[in-house]
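The values are calculated or read from the model by the stated rules, or taken from the named source; none is laboratory data. In this text the structure is predicted, and so the values were computed from the model without any measurement. Note that each Cβ is placed from the backbone with ideal geometry, even for glycine, and that neighbours are counted across all protein chains shown. Just so you know, the surface numbers come from the protein's heavy atoms only, side chains and all, with ligands and any DNA or RNA stripped out. Shrake-Rupley method; radii C 1.70, N 1.55, O 1.52, S 1.80 Å.
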Amino acid sequence: MALGARALRRIGTVSTAPAVDDPAFVAEKDRQEQSLAALRTAADEASSSVDTAKSAAASARADAAAAKAEASAARAEAQRVLDAARAEADTVLDRAHRQAETDAEQVRAAARRSGEREISLLASTTREQAAEVERRAQRMDERERLHTEEVERLAERERRLTAAAAELAAREAGLVTREAALAEAEEQQKRELERIAGLTADAARVELVDAIEGQAKREAAILVRDIEADARNTADQRARHIVVDAIQRVASEQTAESVVSVLHLPGDEMKGRIIGREGRNIRAFESVTGVNLIIDDTPEAVLLSCFDPVRREIGRLTLEKLVLDGRIHPHRIEEVFETAKHEVERLCQRAAEDALVEVGITEIHPEMVSLLGRLRYRTSYGQNVLKHLVETAHIAGIMAAELRLDAPTIKRCAFLHDIGKALTHEVEGSHALIGADLARKYGEAEEVVHAIEAHHNEVQPQTIEAVLTQASDACSGGRPGARRESLEAYVKRLERIEEIAAGKSGVEKVFAMQAGREIRVMVKPDDVDEIGAAVLARDVAKQIEEELTYPGQIRVTVVRESRVTEIAR
């Protein structure tokens, strides 16, 4: 406001200056009027600011008064709460005293009732014991009476036995007299025969036995000499000729089984798609198929490693179809895996049918054909079991033809002798006995069943079919290049590792990976919780340490995964 007053005085002073018609004067006047208007506006705004400040100060004073009132109310409330708490504490303390007196009275009453019950129980026990003593006395009296009766019965029996003994003695005396008379008659008859024949009875008996014994010994010695000479001359040569001829006429390749399959890729960029983002595709592939996928610097190729040849073949077909399709993600891997699994089953069925045609067997139960198809990917000491069956059947047929026996029956025995190996993972026991049960179940002849169960001497061979089955099996498995011990031992160790883990409760699937250095156990999330998974891993590792011998160490990984799927329609 002071600035506005000074500006007005300055304007008044300037107004006495030049005339109105001077342009400079007019311009200066306009400028001063504008300044005056601005100053008036500023003065109004300052006045409004002062009013606002005054109202704010009044509001602050009102808030301070309200705060003081609230503080006073809070102090009053606190004092009230404190008084109420003290009153409540006194009430609780008084109630606790009354409760303690009530509890003490109840305890005293319970003690009185307990004492009365014990006194009543003791009285009842005393009465029962007295009754038991009385019952025992009655039983003793009854037993004594029965004993007296038994003594009387025994005395009566003894009297009857004495009478019977006297009667038997009389009869025995009569029999002795009769035997003496018969002996006298027999002796008289023998003396009469010796007088007529001129020899005693003992001399005649000895002479007859000596004559028959000498003749039998001579005939037996001649027969044994002829049989031994004929056997020495022909047996070894004949047997060697039959076995060698059978082996030479069956041409089979040497065993070259492996635990690794190679899949060639169209380009190295496909390796990245197989691995997937953060490795999710390769993890999903190994989890679904149970096959270890090895991706290294080998150009345009990946390796699939698994001890189970059926599982490895399914994994190889799965990966091959995924590479050709180009769409590689976890859900697609599961779909293609099911397709590849069915395709391998069809290949097994076809392999069994081809083997039956090659051997010449036409009538066989369809379930037996399915079981034989499983043996396409089964090996025994590295030797393919289905090829071993075909080879054994050919050898047995050649031997049967040389010996002029029933070749079709013997070939059937030899071809089916290892069919039990198709179920050794599912049924406990020797594969020979399992195969015999299968053959008996599906209507095979008894000689075929016996040949199967006796080819490893679990049952002693009783027929020529069983013996020839044993011989042909030994020829097929014992020829050079037929089998390898190391591969079979490796496969059995991995199978045992999987069996140990699969035998635990809550386990859904088990896969031995990394050539047996790692085992992955898939558990059911509803049956096994997080703590149970840790306990399961420790139990499996401990059992493997106790039962198996292996180089290095084996890592046990338990995977507990939950999946929730919903379909939007």
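Name the residue, out of A414, A407, A400, that is over 19 Å from T379 (Cβ atoms), touching a helix residue (DSSP H, G or I) at 6+ places or on another chain (Cβ under 9 Å) and in contact (Cβ under 8 Å) with a residue 40 or more places away in the chain. Talk me through it step by step, then tell me what you get.
On the way: A414 fails: over 19 Å from T379 (Cβ atoms); A407 fails: in contact (Cβ under 8 Å) with a residue 40 or more places away in the chain.
After ruling out the rest, the residue left standing is A400.
Can you name the residue in the range 285-309 that is closer than 13 Å to I274 by Cβ and of a type in the set (D, E) and, of all such residues, is surrounded by the most Cβ atoms within 10 Å (Cβ to Cβ)?
The residue in question is E286.
So, in the range 501-519, exactly how many residues are within 16 Å of D539 (Cβ to Cβ) and surrounded by fewer than 20 Cβ atoms within 10 Å (Cβ to Cβ)? So that I can check it myself, show each step before the final result.
To start, the set of residues in the range 501-519 that are within 16 Å of D539 (Cβ to Cβ) comprises 501-507, 510, 519.
Cutting the leftovers down to surrounded by fewer than 20 Cβ atoms within 10 Å (Cβ to Cβ) gives us 502-507.
Result for the range 501-519: 6.
Taking E167, is it at pLDDT 85 or above and open to solvent by 80 Å² or more (accessible area, probe 1.4 Å)?
On the way: at pLDDT 85 or above: yes; open to solvent by 80 Å² or more (accessible area, probe 1.4 Å): yes.
Spelling it out, E167 is indeed at pLDDT 85 or above and open to solvent by 80 Å² or more (accessible area, probe 1.4 Å).
Tell me, please, whether a residue that is over 30 Å from the mean Cα position of the chain (by Cα), open to solvent by 20 Å² or more (accessible area, probe 1.4 Å) and among the basic types (K, R) can be found in the range 417-440. Walk me through it before giving the result.
First, pick out the residues of the range 417-440 that are over 30 Å from the mean Cα position of the chain (by Cα): none.
Among the residues of the range 417-440, not one is over 30 Å from the mean Cα position of the chain (by Cα), open to solvent by 20 Å² or more (accessible area, probe 1.4 Å) and among the basic types (K, R), which makes the answer no.
Could you tell me which numbered condition A256 fails, if it satisfies all but one of (1) surrounded by 11 or more Cβ atoms within 10 Å (Cβ to Cβ); (2) at pLDDT below 75; (3) within 39 Å of the chain's Cα centre (by Cα)?
With respect to (1) surrounded by 11 or more Cβ atoms within 10 Å (Cβ to Cβ); (2) at pLDDT below 75; (3) within 39 Å of the chain's Cα centre (by Cα), A256 is out only on (1).
Of all residues being closer than 13 Å to A466 by Cβ and without any contact (Cβ under 8 Å) to a residue 24 or more places away in the chain in the range 441-451, which is surrounded by the fewest Cβ atoms within 10 Å (Cβ to Cβ)? Just the residue, please.
Keep residues of the range 441-451 that are closer than 13 Å to A466 by Cβ, which gives 445-451.
If we keep only those that are without any contact (Cβ under 8 Å) to a residue 24 or more places away in the chain as well, we get 446, 449-450.
Details: E446: 10, V449: 21, H450: 22.
Ranking the qualifying residues of the range 441-451, first place goes to E446.
Please specify each residue of the range 282-306 satisfying the condition of being touching a helix residue (DSSP H, G or I) at 6+ places or on another chain (Cβ under 6 Å) and either part of a helix (DSSP H, G or I) or free of Cβ contacts under 8 Å to residues at least 24 places away in the same chain (or both).
I282, A284, F285, V288, T289, listed by residue number.
Any chance you could count how many residues in the range 119-164 are among the charged types (D, E, K, R) and either open to solvent by less than 90 Å² (accessible area, probe 1.4 Å) or touching an Asp or Glu at 6+ places or on another chain (Cβ under 6 Å) (or both)? Show your work before the answer.
Step one: list which residues in the range 119-164 are among the charged types (D, E, K, R), which gives 127-128, 132, 134-136, 139, 141-145, 149-150, 152-153, 156-160.
Adding the requirement that they be either open to solvent by less than 90 Å² (accessible area, probe 1.4 Å) or touching an Asp or Glu at 6+ places or on another chain (Cβ under 6 Å) (or both) leaves 132, 142, 149-150, 156.
Residues meeting the conditions: 5.
State all residues of the range 500-532 that are free of Cβ contacts under 8 Å to residues at least 40 places away in the same chain, within 22 Å of F285 (Cα to Cα) and in a helix (DSSP H, G or I); if no residue qualifies, say none.
A502
Name every residue in the range 307-327 that is part of a helix (DSSP H, G or I) and within 26 Å of the chain's Cα centre (by Cα), in order of residue number. Even if it seems obvious, please write down each step before you answer.
First, pick out the residues of the range 307-327 that are part of a helix (DSSP H, G or I): 309-325.
Those that are part of a helix (DSSP H, G or I) and within 26 Å of the chain's Cα centre (by Cα): P309, V310, R311, R312, E313, I314, G315, R316, T318.
Yes/no matrix, rows are residues, columns are (1) charged (D, E, K, R); (2) within 60 Å of the chain's Cα centre (by Cα):
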{"site": "S114", "(1), (2)": "no, yes"}
{"site": "I119", "(1), (2)": "no, no"}
{"site": "E128", "(1), (2)": "yes, yes"}
{"site": "R145", "(1), (2)": "yes, no"}
{"site": "T148", "(1), (2)": "no, no"}
{"site": "L154", "(1), (2)": "no, no"}
{"site": "R157", "(1), (2)": "yes, no"}
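Residues in the range 267-274: is at least one open to solvent by 60 Å² or more (accessible area, probe 1.4 Å), assigned to a helix (DSSP H, G or I) and either touching a helix residue (DSSP H, G or I) at 6+ places or on another chain (Cβ under 8 Å) or not hydrophobic (A, V, I, L, M, F, W, C) (or both)?
Within the range 267-274 (the criterion being open to solvent by 60 Å² or more (accessible area, probe 1.4 Å), assigned to a helix (DSSP H, G or I) and either touching a helix residue (DSSP H, G or I) at 6+ places or on another chain (Cβ under 8 Å) or not hydrophobic (A, V, I, L, M, F, W, C) (or both)), the answer is yes, since at least one residue qualifies.
Residue-wise test of (1) assigned to a loop (DSSP other than H, G, I, E, B); (2) under 30 Å from R316 (Cα atoms); (3) modelled with pLDDT of 85 or more.
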site	(1), (2), (3)
I361	yes, no, yes
R376	no, yes, no
V390	no, yes, yes
M399	no, no, yes
I410	no, no, yes
A422	no, yes, no
L433	no, no, yes
E444	yes, no, yes
H456	yes, no, no
